[in-house]
Amino acid sequence: MQAKDLVVRRAEPTDEPAVIPLLQAALGKGDDPNYEAFLHWKHRDNAFGESPAWVALHDDRIVGYRTFLRWEFIDGNGRKVRAVRAVDTATDPAYQGMGIFRRLTLQGVAELTLAGDGLVFNTPNDQSRPGYLKMGWSVARRLPVGVLPARPRSLRTMVNSRVPAAMWSQPTTAGLDAVEAFEDRSVADALLTHAPSQGYRTNRTPEYLAWRTAFGPLRYRLLLATTDPAEGGMVFRLRQRGVSVEAVVLEQLVPDWRTGTQLMRRMLKETGADYAIGLRTGPSAGLLPLVGQGPLLTTRPLAVSPPPVGDWTLTLGDVELF
């Protein structure tokens with residue numbers, strides 16, 4: 001069997017029964033009861049549209065899969081930019097070493113470019129990054145992480161928890177259930193008056209906030225500054241990382257630095273988390289820089305060029321989880 005014997009085509013809905021087990025096996029998710037529903041939420045329900053995907057077949061059997069998550073940015077001039085994020089990919093172990101990952105990815109890149117998508121971005125790990133760089137990706141920048149320990153002893157706990165975090169969230173009664181809160185469009189509308197308005201940022205809409213926080217096992221919470229959403233709020237979740245409970249700050253939708261800092265401290269107190277973590281490229285009131293830490297953002301131009309390095313205005317809501 002040689003690479004030329006493979007057939008590459010756009011994925012179809014009828015491929016799903018073969019694709020999901022392939023992804024579960026490749027990513028070690030076979031025992032996760034939430035994983036299939038998670039894929040549906042991510043790729044079907046996305047407020048920016050369904051994810052385009054490609055498959056490789058040998059003798060009509062799917063042996064490779066590659067998908068891109070749809071996204072939408074607003075550039076520094078206020079224009080919308082269609083984008084995709086390179087996410088889930090898998091190759092049947094019996095077919096590894098045949099360039100399936102590369103072939104599927106480049107096929108997707110070519111078709112997305114012709115369709116007018118602007119750029120592709122992702123935060124690949126150390127193992128997959130070299131492969132992307134060989135296919136035309138470039139490292140844009142390290143996304144700076146900020147943290148806020150809840151108490152002095154939390155520093156030691158944080159240092160002793162340098163392991164991958166749990167995927168699913170821990171329950172908390174702090175704040176409001178984000179799913180229920182964003183069912184009321186007026187809540188999202190009020191909060192979004194404080195969304196980032198400068199830089200290269202995600203096109204945050206009420207539909208986006210509702211989708212982004214909708215998957216039940218992630219247990220997203222909304223902590224409001226007051227009973228009036230127009231006064232600002234914070235979207236977060238709790239997850240276990242080693243011996244620590246980590247408060248992941250997705251969004252700070254606040255009118256000023258003081259409000260954001262007060263919400264950060266209140267969230268830590270009410271949840272009992274050991275520390276909060278977020279990105280400092282977007283609103284990050286109260287978070288202290290963690291020097292030299294953070295994911296590496298990589299990009300590849302499709303129909304347009306990526307923005308200048310300093311223009312990216314990203315939060316953890318844009319990069320965590322996917």
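The values are calculated or read from the model by the stated rules, or taken from the named source; none is laboratory data. No experiment lies behind these values; they were computed from the predicted model shown. Cβ placement follows ideal geometry from the backbone for every residue including glycine, while neighbour counts extend to all protein chains displayed. Keep in mind that these areas ignore ligands, DNA and RNA; they rest on the heavy atoms of the full protein, side chains included. Shrake-Rupley method; radii C 1.70, N 1.55, O 1.52, S 1.80 Å.
A compact table of results
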quantity	calculated
Residue among 303, 276, 247, 285 that is outside any helix (DSSP H, G or I), hydrophobic (A, V, I, L, M, F, W, C) and open to solvent by 50 Å² or more (accessible area, probe 1.4 Å)	303
Filter pass, residue 245 being of a type in the set (Val, Ile, Thr) and more than 27 Å from residue 68 (Cα to Cα)	yes
Of all residues making up region 42-57, the number that are outside any loop (DSSP other than H, G, I, E, B) and touching a helix residue (DSSP H, G or I) at 6+ places or on another chain (Cβ under 6 Å)	3
In region 165-188, the residues that are of a type in the set (Asp, Glu) and in a helix (DSSP H, G or I)	180
Considering residues of region 189-222 that are hydroxyl-bearing (Ser, Thr, Tyr) and part of a loop (DSSP other than H, G, I, E, B) only, the residue farthest from residue 250 (Cα to Cα)	197
Single residue of 187, 235 found to be under 18 Å from the mean Cα position of the chain (by Cα) and modelled with pLDDT of 95 or more	235
Residue, surrounded by the fewest Cβ atoms within 10 Å (Cβ to Cβ), within region 39-81, restricted to residues that are free of Cβ contacts under 8 Å to residues at least 40 places away in the same chain and within 26 Å of residue 309 (Cβ to Cβ)	77
Where a residue in region 109-121 is among the β-branched types (Val, Ile, Thr) and surrounded by fewer than 17 Cβ atoms within 10 Å (Cβ to Cβ) and its partner, wherever it lies, is at pLDDT 95 or above and part of a strand (DSSP E or B), with Cβ under 8 Å and at least six apart	none
